[in-house]
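Worksheet: the structure to be examined is printed underneath.
The values are calculated or read from the model by the stated rules, or taken from the named source; none is laboratory data. All of these numbers come straight from a predicted model, not from anything done at the bench. Using ideal geometry, Cβ is built from the backbone for each residue, glycine included, and neighbour counts are taken over all protein chains shown. We work out accessible area using only protein heavy atoms, side chains counted, and drop any ligands, DNA or RNA first. Shrake-Rupley method; radii C 1.70, N 1.55, O 1.52, S 1.80 Å.
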Amino acid sequence: LGLGVGSAPPSPSSAPPRVDADTLVLGIETSCDDTGAAVVTGDGRVLGEALASQVEIHERWGGVVPNLARDAHERAIDAVVAEALRRAGIDDPSRLSAVAVTVGPGLTMCLRVGVVAAQELSAKHALPIVPVHHMEAHALVARLAAGTTRCRFPFLALLVSGGHNQLILARGIGNYVILGSTLDDALGEAYDKTARLLGLNVGGGGGPALEALAREGDDASYKFPVPLRRRKDCDFSYAGLKTAVRLAIERDLGVGGVGADDGAFTKVYSRGGDSEEEEDEEEVDSDEDSNSSATTTTTRRRLPSPEEEDAATRRTRANIAASFQRVAVTHLTERTSRAVEWANDLLDDGETLSCVVVAGGVASNAVVRERLSEVASRCALPLVTPPPRWCVDNGVMVAWAGVERLALGLSEAPCTEAQVAASPSSANRRDVPTFPRWPLGERDDRATGHVKSAKTARIAAPLTGAGGDGSARFPGVVAPGVVEA
């Protein structure tokens, strides 16, 4: 069970510490481009939280630049932790019961910043340290938000963000079955790339920018193909849809090189045409950079800014955005509906799903929430979504995951001064355990598997819970739902 973050692994023979209203856990999150910290009690009260965003840093690059993200984390981490503690009314960190920190998956150099900070706090104040899986934290924060009764195990979780698309059956802490995942792009990534193709300002995120533009458009204007309809599984694919959108932009907005009279393009993507039920991903070249015979090379030009464009151009952009969003979310709902069936097949006699959880950055999208609420309703299940600010990466989700794991005895012994003695900036840079590629659980036999990258090196063993096999030996924690001090 030990990940080497603390000075010693959890003891399988020792009872876990008492976790209750007096328990105080600090959570630290630095897996990508947000520096987050929060203090949460054992009964689910959020005492203080702080977040430093890096939106302005990465906006000009069109995506997260790892070394810039690391540098920003290093500049912000001390102030963010101090602010979370101040808001929680904790003037002495030794009052904390434990410190929890995201150790993976994520960007190695970013994860390292958070782990170093957590280890130093652990050593200085003799605090147990709880290693946290980033995606488990996204799933478990729904239990903090909705309460552990409404969101009890087992439940189905859709984890959807810029880098992840997973449908999982959550059976307990550290006990997850992956029912489906993305074969190429995650939905958040597809939103971001489509927003950039449409020339939107993605400083506040491509997803919110595209969602706002889509409100002005007609979502039936473009008959983009719904991905993977011939494959009756729970996996996702957005590369082909993204290609279809790019071709539409090239043709109707004059950016790129598809001719307006291209027959192959018109047959599949022209506005109007066949019903959506007859469209299929297999008709589309899913390689965004392919040199298909349907394209020709011309001089590319940029889209006009909102101030420069005329009403017709604005309407076309809005229609493309709305049509993309309709199809992207339809794909999400179809896979989620099937995942409910698959999850029910895996339950033991007498077990029932408590709810459908939707978490991760894209869960803040209003259209995603509305359509998935309809899916959950058809399945006679409540939909649970964390508040939007807890859908993005944040310290609250890490702190709460730390609470849940602490209650099961899954903390590691406090770090020693010797363990953290080497300066992270020195030539003798100490080894810090991080897990950038870390599966949340075992994959269901019916799932295709993740094929975006064929690389398998340095993939950590799947997450486990108490006892090493995902089984819970202890009752865990109880939270009534969101109670913010």
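In region 309-344, what residues are without any contact (Cβ under 8 Å) to a residue 60 or more places away in the chain, open to solvent by less than 30 Å² (accessible area, probe 1.4 Å) and not hydroxyl-bearing (S, T, Y)?
E309, V329
Restricting the search to region 140-162, which residues are open to solvent by 10 Å² or more (accessible area, probe 1.4 Å) and either under 17 Å from A447 (Cα atoms) or touching a helix residue (DSSP H, G or I) at 6+ places or on another chain (Cβ under 7 Å) (or both)?
A145, S161, G162
Given the options A418, A479, name the one that is more than 23 Å from V40 (Cβ to Cβ), of a type outside the set (D, E, K, R) and either modelled with pLDDT under 60 or assigned to a loop (DSSP other than H, G, I, E, B) (or both).
None of the others qualify; the one that does is A418.
Between a first residue in region 345-362 that is within 20 Å of G147 (Cα to Cα) and a second residue that is of a type in the set (K, R) and surrounded by 21 or more Cβ atoms within 10 Å (Cβ to Cβ), which pairs have beta carbons less than 9 Å apart while being 6 or more apart in sequence or on different chains?
These pairs meet every condition: E351/R171; V357/R143.
Inspect region 11-24 for any residue being at positive phi, in contact with a strand residue (DSSP E or B) (Cβ under 9 Å, 6 or more places away or on another chain) and open to solvent by less than 30 Å² (accessible area, probe 1.4 Å) and give the result as yes or no. Please lay out each step first, then the result.
Going residue by residue through region 11-24, those that are at positive phi are none.
Among the residues of region 11-24, not one is at positive phi, in contact with a strand residue (DSSP E or B) (Cβ under 9 Å, 6 or more places away or on another chain) and open to solvent by less than 30 Å² (accessible area, probe 1.4 Å), which makes the answer no.
Pairs please, first residue from region 181-206 and closer than 19 Å to S237 by Cβ and open to solvent by 40 Å² or more (accessible area, probe 1.4 Å), second anywhere and part of a loop (DSSP other than H, G, I, E, B) and not basic (K, R), Cβ atoms under 7 Å, 6+ apart in sequence or on different chains.
So the pair list comes out as D192/G162; D192/V202.
Criterion first (at pLDDT 95 or above and surrounded by fewer than 20 Cβ atoms within 10 Å (Cβ to Cβ)) does S305 satisfy it?
Details: at pLDDT 95 or above: no; surrounded by fewer than 20 Cβ atoms within 10 Å (Cβ to Cβ): yes.
It is false that S305 is at pLDDT 95 or above and surrounded by fewer than 20 Cβ atoms within 10 Å (Cβ to Cβ).
When residues of region 383-406 are filtered for being among the β-branched types (V, I, T), open to solvent by 10 Å² or more (accessible area, probe 1.4 Å) and in contact with a Gly (Cβ under 7 Å, 6 or more places away or on another chain), how many remain? Lay out the reasoning, then the answer.
Of region 383-406, the ones among the β-branched types (V, I, T) are 384-385, 392, 396, 398, 403.
After this cut, where a residue has to be open to solvent by 10 Å² or more (accessible area, probe 1.4 Å) as well, the list is 385, 392.
The next check asks that each one be in contact with a Gly (Cβ under 7 Å, 6 or more places away or on another chain); those that pass are 392.
Total satisfying the criteria: 1.
Find all pairs meeting these conditions: Cβ atoms under 9 angstrom apart; at least six residues apart or on different chains; first residue within region 87-105 and under 30 Å from A460 (Cα atoms) and outside any loop (DSSP other than H, G, I, E, B); second residue among the acidic types (D, E) and open to solvent by 20 Å² or more (accessible area, probe 1.4 Å).
Close Cβ pairs (under 9 Å, with a partner that is among the acidic types (D, E) and open to solvent by 20 Å² or more (accessible area, probe 1.4 Å)) amount to T102/D393.
Taking Y176 as the residue in question, decide whether it is under 20 Å from A239 (Cα atoms), in contact (Cβ under 8 Å) with a residue 12 or more places away in the chain and buried (at least 24 other Cβ atoms within 10 Å of the Cβ).
Details: under 20 Å from A239 (Cα atoms): no; in contact (Cβ under 8 Å) with a residue 12 or more places away in the chain: yes; buried (at least 24 other Cβ atoms within 10 Å of the Cβ): yes.
No; evaluated as a whole, the condition is false for this residue.
I want to confirm something. Restricting to region 367-382 and keeping residues that are crowded, with 20+ Cβ neighbours inside 10 Å and under 10 Å from V357 (Cα atoms), which single residue is farthest from the chain's Cα centre (by Cα)?
Applying the filter and picking the extreme gives A376.
Return only the number of the condition from (1) buried (at least 20 other Cβ atoms within 10 Å of the Cβ); (2) modelled with pLDDT of 95 or more that G6 does not satisfy.
Every condition holds for G6 apart from (2).
So in region 53-85, with the set limited to residues that are acidic (D, E) and over 19 Å from L121 (Cβ atoms), which one is surrounded by the most Cβ atoms within 10 Å (Cβ to Cβ)?
Taking region 53-85 first, the residues acidic (D, E) are 56, 59, 71, 74, 78, 83.
From the residues that got through so far, the ones that are over 19 Å from L121 (Cβ atoms) too are 56, 59, 71.
Working: E56: 10, E59: 14, D71: 16.
Among them, the one singled out is D71.
Please determine, by comparing only the residues of region 345-366 that are assigned to a helix (DSSP H, G or I) and small (G, A, S), which one is surrounded by the fewest Cβ atoms within 10 Å (Cβ to Cβ).
Keep residues of region 345-366 that are assigned to a helix (DSSP H, G or I), which gives 345-346, 361-364, 366.
The next check asks that each one be small (G, A, S); those that pass are 361, 363-364, 366.
On the way: G361: 26, A363: 25, S364: 22, A366: 10.
Restricting to residues being assigned to a helix (DSSP H, G or I) and small (G, A, S), the top hit is A366.
Could you tell me which of the residues G114, G106 is under 21 Å from W438 (Cβ atoms) and at pLDDT below 95?
On the way: G114 fails: at pLDDT below 95.
Within the list G114, G106, the selection yields G106.
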